[in-house]
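Engineer: Structure in structure tokens, see below.
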Amino acid sequence: QVQFVESGGGLVQPGGSLRLSCAASRSFFSINAMGWYRQAPGKQRELVATITRGGVTNYADSVKGRFTISSDNAKKTVFLQMNSLKPEDTAVYYCHVKAMPLANAGEYTYWGQGTQVTVSS
């Protein structure tokens, strides 16, 4: 069952921009944090950026100043604006969400299905 749907990946030239979106496909009692991870071929999955329900953000050093994470809590959606893209940003990008499906269910971690970002000339 898909809990979060991602969109916005694609092919872009170096220096270009892309905007990723991840939206909840069902209701949740509470979404506590949302973020993005990425995994390049032959490498481990790594954190890109996160944002809490209160708006506190965290970025990997490699993307600071180039990527911006934001969220629309009412629409249960998280965005990743990626500017000045580099070939080393090429990876599958995964939405990562910490949420409570029900009031008494505890917090669970959800992953999106992944969207490919390719930076190449």
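Engineer: Can you give the translational diffusion coefficient of the chain in µm²/s, computed by Stokes-Einstein from the Kirkwood radius over Cα pairs at 37 °C and 0.692 mPa s?
Structural biologist: It comes out at roughly 227 µm²/s.
Engineer: Which value in nm describes the separation of the simple spin-label points at Val2 and Ser70, placed 7 Å from the Cα toward the beta carbon?
Structural biologist: Result: 2.5 nm between the two label points.
Engineer: When the convex hull of the C-alpha atoms of region 1-63 is computed, what volume per residue in Å³ does it have?
Structural biologist: Value for region 1-63: 133 Å³ per residue.
Engineer: I've got another one for you. Can you tell me the accessible area per residue over region 39-119, all protein chains present, probe 1.4 angstrom, in square angstrom?
Structural biologist: 54 Å²
Engineer: Can you compute 3J(HN,Hα) from phi for each residue in region 109-116, using the Karplus curve 6.51 cos²θ - 1.76 cosθ + 1.60 with θ = phi - 60°, rounded to whole Hz and x for Gly and Pro?
Structural biologist: Each residue of region 109-116 in turn: 9, 10, 10, x, 7, x, 9, 7 Hz.
Engineer: Ignoring ligands, DNA and RNA, what percent of the accessible area of the chain is carbon or sulfur (1.4 Å)?
Structural biologist: On the chain, the fraction of accessible area on carbon and sulfur atoms equals 49 percent.
Engineer: Which residues does the label zone of Glu46 cover in region 3-23, counting backbone N under 18 Å from a point 7 Å along Cα→Cβ?
Structural biologist: 15
Engineer: Amide H of Leu85: which non-local residues (sequence gap of 5 or more, or other chain) have their own amide H closer than 5 Å, using H built in the peptide plane?
Structural biologist: Gly15, Gly16
The values are calculated or read from the model by the stated rules, or taken from the named source; none is laboratory data. What you see is a predicted model, and the numbers here were worked out from it, not measured in a lab. Don't worry about glycine lacking a Cβ; one is built from the backbone with ideal geometry, like all the others, and counts go over all protein chains shown. When the accessible area is computed, the model is the full protein with side chains, heavy atoms only, and any ligands, DNA or RNA have been set aside. Shrake-Rupley method; radii C 1.70, N 1.55, O 1.52, S 1.80 Å.
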